[in-house]
Structures are given as C-alpha cells and as structure tokens.
1. Enumerate the pairs (first residue in the stretch 218-244 and over 21 Å from Val174 (Cα atoms) and of a type in the set (S, T, N, Q); second residue anywhere and at pLDDT 95 or above and assigned to a loop (DSSP other than H, G, I, E, B)) with beta-carbon separation below 7 Å, excluding pairs fewer than 6 apart on the same chain, so at least 6 apart or on different chains.
2. Quick check on the stretch 205-214. Is at least one of its residues under 21 Å from Gly263 (Cβ atoms) and not hydroxyl-bearing (Ser, Thr, Tyr)?
3. Look at Asp189 and say whether it is open to solvent by 60 Å² or more (accessible area, probe 1.4 Å) and either closer than 29 Å to Trp145 by Cβ or over 20 Å from the mean Cα position of the chain (by Cα) (or both).
4. Looking only at residues in the stretch 52-82 that are part of a strand (DSSP E or B) and crowded, with 19+ Cβ neighbours inside 10 Å, which one is farthest from the chain's Cα centre (by Cα)?
5. Determine which member of the set Ala112, Ala99, Ala93 is in contact with a Lys or Arg (Cβ under 8 Å, 6 or more places away or on another chain), open to solvent by less than 20 Å² (accessible area, probe 1.4 Å), closer than 25 Å to Phe32 by Cα and modelled with pLDDT under 90.
6. Looking only at the stretch 232-268, filter to residues that are in a loop (DSSP other than H, G, I, E, B) and small (Gly, Ala, Ser); which one of those is nearest to Lys155 (Cα to Cα)?
7. Considering each residue of the stretch 264-306, count those that are within 20 Å of Ala173 (Cβ to Cβ), open to solvent by less than 100 Å² (accessible area, probe 1.4 Å) and free of Cβ contacts under 8 Å to residues at least 12 places away in the same chain, and give that number.
8. What's the number of the only condition in (1) within 21 Å of the chain's Cα centre (by Cα); (2) farther than 24 Å from Asp43 by Cβ; (3) among the β-branched types (Val, Ile, Thr) that Val230 fails to meet?
Amino acid sequence: RGVDRHRLDRLGHAPALFLALVLLLQARFERFGPVKACRVVMDKATGKPKGTAFIEFRGPAGAAAAAEACARARTGKGPDVTVKGVKLGVDLALTQDDARRLGQEQGGVPGAGQHAGQSNKGGKFDRRNLYLAKEGFIEEGSAQWEAMSENDRRKRKRAAEEKNQKLKSPNFAVSTLRLAIRNIPASWDEAKLKAAFIAGVKARATKEQPVVKQAKILRDPERPDAAGHVGGKSRGFGFVEFADASHALAALRQLNNNPTAFGSKDRRPIVEFAVDNIKVLKARDDKLAKQKARQQHKTQQQQQQQ
C-alpha cells in the first residue's frame, strides 16, 4: 500500500469475535490518530484470530504515538495499552525491503521509537549502529526491573558497563545480526538455543522463515559437562546470528526478559545486540575470503587436469 512503515505490528492475545475485535481495535487506536484500516490476522485452520493485527494510520504521527505509548508502558513509565482489559504489545512494522535495507552497514535496523529510514545522527547514518545498543535495556526502577531477580539485575548492570566501555572505542560496533544471550540454561546445547530463537521470531511474525547462521554457547573446557559435551560445562552465555536483521530484532524483543522462555522466572533471558570488534571481524572476513579464493583456485586446477 506504500505506507507499511505507518502500520503497527504485534497486537497480542486479543478477544476472539472478529467484527467486534476490528471495531474495538480501531476505536482504541483512534486515540492516537486517524486510522485508515485495521486488519486482523486469521488462522486458516481454525478460522479464529491468531492474536496479531495491523493498524494502518493515515499518517506517521499516529503510529509513532501508539508505539511510544507502548514503549513507555514496557518501562513502567505509563499505563498499558489495552483492549477490554487485555494488554497489547505494539511495535512499528517494517516491510521486508525496509528491514533488509536498514540491515546494511549504513543504517542497521530501527531501534525502539525510530522510524524506518530515519537517520541517527542529525541526518547522518550511524555506521556503528549505536542506537541499537539500547535495545533490550530495562530501566532501573521500572516495573520490569522490579519484577526480575537480584541476580539478573546485577548481570544486567555488569553487561551494560562492559558494553559502554567497549563502545568508547571506535573499533567496536553494534551488530545488526548477532545477538548476545546470558542466562542460557546449563542443560541446553546449540540446537536447543537455535530452536528457541527461531520460535521467538515466529511468535511475532508467524509467516516468516528465519534463518540462523550460527548458534554458539561458550563453554569451560576445564570443567566437565554433566551431559558429556566435549567443549566442557556451559558458561550460560552465547550468541545467535541471524541472516536477516529484522529477525534478530524480533527475537530480541520477544525473548529478552521473558519469564517463560528459559523456564525460570529468576533466570530470564538477557538478550542484546552483540558488540563486535570491527578490526577482528575484518580480519576474519579477509581470512575467509582468502580461503574461498584458494579453494576456487584448487577446484579450477583439478578441473583442468581432468
């Protein structure tokens, strides 16, 4: 329709009556601005709403106001956005083209409260994706902060300090594809971690087919693993790298501080975009490029000899 960036995504757990639901949603979001259309996503198998909808506003101001209201509610600074007492989760939606374009080096993917295509530094693109450093951040004193365990609070503080220290150097940048995860259950392996993050994306975008390029759990080789993993005991920390920036963002927003994702309310997922050393990544990419070139040259020689 040409106005996808003004839509709102992810309205979860809404009432089931279709016509009444559409009218309720439209009336609720008219408070933020004129609504052009409301589309409730239906389950083809059951004929019932999936719990996801798109609200299309007549202009960007309404969409921004609704997303901001939900963002304030998530940090405990404002009331929840609700319909008939049901709490809604609201985010700005992106077209696939926008998400892929923003995932490139020049722009990254939009962070909380940032519109598709919006620049980050007074009209200049943020090549280090620093605005993504705040994704997953939970403000001290907020309702979410108060609900988490003291151990998780300490871990979040320590992680924030480490990230801020790294980002003082221009040699570090925030990845748009790779997520850093803390509190991974000790019994989990890479396959289970990968499956959990794919499921996280699909919970917010049921028709998407996310691709995980790598899932890695850091382990201590000096400490044996009860399950017999050759790498040693899990450190509870790891990385998941997606092929698509929009999928990484969706997984982060779905799983970060989710009390059920890891099966423990006291050890919730701490998920943020990874901070990478630009020089190390360049050296790795150069090494992989040389290996690929050598392999291609070897293959060509073998073909010529046949």
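The values are calculated or read from the model by the stated rules, or taken from the named source; none is laboratory data. Every value quoted in this text rests on a predicted model; they were computed, and no experiment measured them. Note that each Cβ is placed from the backbone with ideal geometry, even for glycine, and that neighbours are counted across all protein chains shown. Only protein heavy atoms, including side chains, enter the accessible area calculation; ligands, DNA and RNA are left aside. Shrake-Rupley method; radii C 1.70, N 1.55, O 1.52, S 1.80 Å.
1. Final answer for the pair search is Ser234/Ile184.
2. Start the filter on the stretch 205-214 by keeping residues that are under 21 Å from Gly263 (Cβ atoms), which leaves 212.
Restricting the remaining residues to those that are not hydroxyl-bearing (Ser, Thr, Tyr) gives 212.
Yes, some residue in the stretch 205-214 is under 21 Å from Gly263 (Cβ atoms) and not hydroxyl-bearing (Ser, Thr, Tyr).
3. Numbers: open to solvent by 60 Å² or more (accessible area, probe 1.4 Å): yes; either closer than 29 Å to Trp145 by Cβ or over 20 Å from the mean Cα position of the chain (by Cα) (or both): yes.
Taking the combined requirement at face value, the residue satisfies it.
4. Looking only at the stretch 52-82, we keep the residues that are part of a strand (DSSP E or B), and these are 52-57, 82.
From what is left, the residues that are crowded, with 19+ Cβ neighbours inside 10 Å are 52-53, 55-57.
Details: Thr52: 17, Ala53: 19, Ile55: 21, Glu56: 22, Phe57: 24 Å.
The selected residue is Phe57.
5. On the way: Ala112 fails: open to solvent by less than 20 Å² (accessible area, probe 1.4 Å); Ala99 fails: in contact with a Lys or Arg (Cβ under 8 Å, 6 or more places away or on another chain).
Only one candidate qualifies: Ala93.
6. As a first pass, look at the stretch 232-268 and keep what is in a loop (DSSP other than H, G, I, E, B): 232, 243-244, 256-268.
From what is left, the residues that are small (Gly, Ala, Ser) are 232, 243, 261, 263-264.
Details: Gly232: 22, Ala243: 28, Ala261: 18, Gly263: 18, Ser264: 15 Å.
The residue in question is Ser264.
7. The initial filter retains those residues of the stretch 264-306 that are within 20 Å of Ala173 (Cβ to Cβ), namely 271-289.
Then keep just the ones that are open to solvent by less than 100 Å² (accessible area, probe 1.4 Å); that gives 271-278, 280-281, 283, 285-286, 288-289.
After this cut, where a residue has to be free of Cβ contacts under 8 Å to residues at least 12 places away in the same chain as well, the list is 280-281, 283, 285-286, 288-289.
Matching residues across the stretch 264-306 total 7.
8. (1)
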